[in-house]
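S.K.: Sharing a structure below in structure tokens format, with a few things to ask.
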Amino acid sequence: MHGDARGWFKENWQREKMTALGLADFGPVQNNISFNAQPGVTRGIHAEPWDKYISVATGRVFGAWVDLREGPTFGAAYWCEIDPTVAVFVPRGVGNAFQALAKHTAYTYLVNAHWSAEAQSEYTFLNLADETAAISWPIPWRMRCCLRRTRPTPAGGGHPMPPKKTLVIGANGQLGRALSARWAGRSDVDVVGRETVNLAVPETFDSISWSQYSTIVNAAAYTAVDEAETQEGRRAAWAVNAAGPSTLARIAAENRLTLVHVSTDYVFDGTQEIHTEDEPFSPLGVYGQSKAAGDTAVATAPQHYILRTSWVIGDGPNFVRTMASLAERGVDPPVVSDQVSSSPSPMRLPAPSTTC
């Protein structure tokens, strides 16, 4: 704050300074003001599925917070007084409340997500008089004016807000089925197939409530290498491998999600024995070209990983199973030997994380 005889000026949020101090660059999208005419007005305790950055423009408030996130800190409480010289960052899932301590108090806050009916279903609440939180409200109860919606919540009624989830796209493919089996039973992982999200059909992306996720794993792809050289195959390959990931990259950027994209070494021409992360793309066919275009789009997402593999050998049709089937029937097919792949081994995948 900078003050003189005229009053004061304050930078309430200054991205460069805040992030230099270690505060998350949480991407505020909305600024709200709650004006409170009289001391004793009390609002909360409610936790929302977004972050908040709180301060006051005029007056003073007693701020109180209760951790309503799943985990060992559930139920922890903290409170302090906020005047124009104080600001508080409130993470997603932490219950927020305040009590006005002066007339004409203007309570301001930034949030990093827009309100929606779907988001409201994720709210969780706690009674202002909850004995386990034991908040020391400075103004006696008989003088308080409480926000109506907080009254029905019984003492001790706050339920934990779950962490954001991981969305796996491509449940019908070999990799998608492997991930489904590995993460089966986990409440923080959703695995969906083409019937829910079809990379070639942009409208299907609208069916997902992206605010509930922290990570997207794109395990879907058009992998018919030979068919990709046909007219119909070219269109399908470019729709699934290029246009689809481009849309995912945009969604990841808009919603601050981590995008994990599974790709292929077909984006190279095979002239280098060892592929490095900075090797320029040099695809020979349509399949590789479409995958290279998708990789380029994914790289525009602020938080992304691109994983490359030579072959995928799992549940479903694959080269190894095809060769074994032909051998069992006594078929000796002519094949080229222009590809080298690693030996099949058990796939070890890290558990999904809500942080990058």
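S.K.: Just checking, which of 57, 24, 47, 37 is under 29 Å from the mean Cα position of the chain (by Cα) and at pLDDT 90 or above? Quick ask: steps written out before the conclusion?
M.R.: Numbers: 57 fails: under 29 Å from the mean Cα position of the chain (by Cα); 24 fails: at pLDDT 90 or above; 37 fails: under 29 Å from the mean Cα position of the chain (by Cα).
Just a single option satisfies the conditions, and that option is 47.
S.K.: What's the total number of residues in segment 294-313 that are farther than 25 Å from residue 229 by Cα and assigned to a loop (DSSP other than H, G, I, E, B)? I'd like the intermediate steps shown before the answer.
M.R.: Going through segment 294-313, the residues farther than 25 Å from residue 229 by Cα turn out to be 299-305.
Right, trim to assigned to a loop (DSSP other than H, G, I, E, B) and you get 299-303.
Of the residues in that region, 5 qualify.
S.K.: Same structure, new question: Could you grab me the full set of residues in segment 309-319 that are surrounded by 13 or more Cβ atoms within 10 Å (Cβ to Cβ) and either not assigned by TED's automatic domain parsing to the domain that holds residue 261 or not small (Gly, Ala, Ser) (or both)?
M.R.: 309, 311, 312, 313, 315, 318, 319 - these are the residues of segment 309-319 that are surrounded by 13 or more Cβ atoms within 10 Å (Cβ to Cβ) and either not assigned by TED's automatic domain parsing to the domain that holds residue 261 or not small (Gly, Ala, Ser) (or both).
S.K.: Further question on the same structure: Which residues, taken from segment 247-286, are aliphatic (A, V, I, L, M) and farther than 30 Å from residue 28 by Cβ?
M.R.: Taking segment 247-286 and keeping what is aliphatic (A, V, I, L, M), we get 248-249, 251-253, 257, 259-260, 262, 267, 274, 284, 286.
Of everything in segment 247-286, those that are aliphatic (A, V, I, L, M) and farther than 30 Å from residue 28 by Cβ turn out to be 262, 267, 274, 284, 286.
S.K.: For segment 80-101: of the residues being within 17 Å of residue 125 (Cα to Cα) and of a type outside the set (S, T, N, Q), which is surrounded by the fewest Cβ atoms within 10 Å (Cβ to Cβ)?
M.R.: Step one: filter segment 80-101 for residues within 17 Å of residue 125 (Cα to Cα), giving 90-99.
Subsequent filtering for residues that are of a type outside the set (S, T, N, Q) retains 90-95, 97-98.
Values: 90: 19, 91: 14, 92: 20, 93: 23, 94: 21, 95: 26, 97: 24, 98: 27.
Residue satisfying both the conditions and the ranking: 91.
S.K.: Right, here's the next one. Would you pick out the residues in segment 48-62 that are among the aliphatic types (A, V, I, L, M) and under 18 Å from residue 9 (Cβ atoms)? So that I can check it myself, show each step before the final result.
M.R.: If we filter segment 48-62 for residues that are among the aliphatic types (A, V, I, L, M), which is where we start, we get 54, 56-57, 61.
Once the filter is applied, which keeps residues that are among the aliphatic types (A, V, I, L, M) and under 18 Å from residue 9 (Cβ atoms), segment 48-62 yields 56, 57.
S.K.: Then there's this: Cβ-Cβ below 8 Å, separation at least six or inter-chain, first residue in segment 5-16 and in the same structural domain as residue 59 (by TED's automatic domain parsing), second in a loop (DSSP other than H, G, I, E, B) and not basic (Lys, Arg): which pairs?
M.R.: Once the first residue is in the same structural domain as residue 59 (by TED's automatic domain parsing) and sits in segment 5-16, its partners that are in a loop (DSSP other than H, G, I, E, B) and not basic (Lys, Arg) give 8/1; 8/84; 9/1; 10/1; 10/84; 12/87; 13/28; 15/25.
S.K.: Determine which single condition residue 291 fails, assuming it passes every other condition in (1) assigned to a helix (DSSP H, G or I); (2) surrounded by fewer than 12 Cβ atoms within 10 Å (Cβ to Cβ).
M.R.: Single failed check for residue 291: (2).
S.K.: Answer with yes or no whether residue 69 is modelled with pLDDT of 95 or more, of a type outside the set (Val, Ile, Thr) and assigned by TED's automatic domain parsing to the domain that holds residue 31. Step through it out loud before you land on a result.
M.R.: On the way: modelled with pLDDT of 95 or more: no; of a type outside the set (Val, Ile, Thr): yes; assigned by TED's automatic domain parsing to the domain that holds residue 31: yes.
No, not satisfied.
S.K.: While we're here: I'm checking my understanding of the structure. Among residues of segment 54-111 that are touching a Pro at 6+ places or on another chain (Cβ under 7 Å) and part of a loop (DSSP other than H, G, I, E, B), which one is nearest to residue 30 (Cα to Cα)?
M.R.: Per the stated criteria, the residue is 92.
S.K.: Among the residues of segment 28-45, how many are in a strand (DSSP E or B) and either surrounded by fewer than 19 Cβ atoms within 10 Å (Cβ to Cβ) or aromatic (Phe, Trp, Tyr) (or both)?
M.R.: Of the residues in segment 28-45, the ones in a strand (DSSP E or B) are 30-36, 41-45.
Narrowing the set further to residues that are either surrounded by fewer than 19 Cβ atoms within 10 Å (Cβ to Cβ) or aromatic (Phe, Trp, Tyr) (or both) leaves 30-35.
Going through segment 28-45 one residue at a time, the tally reaches 6.
The values are calculated or read from the model by the stated rules, or taken from the named source; none is laboratory data. Owing to the predicted nature of the structure, the values given are computational and were not obtained by experimental measurement. When we count neighbours, we look across all protein chains shown, and the Cβ atoms used for this are built from the backbone with ideal geometry, even at glycine.
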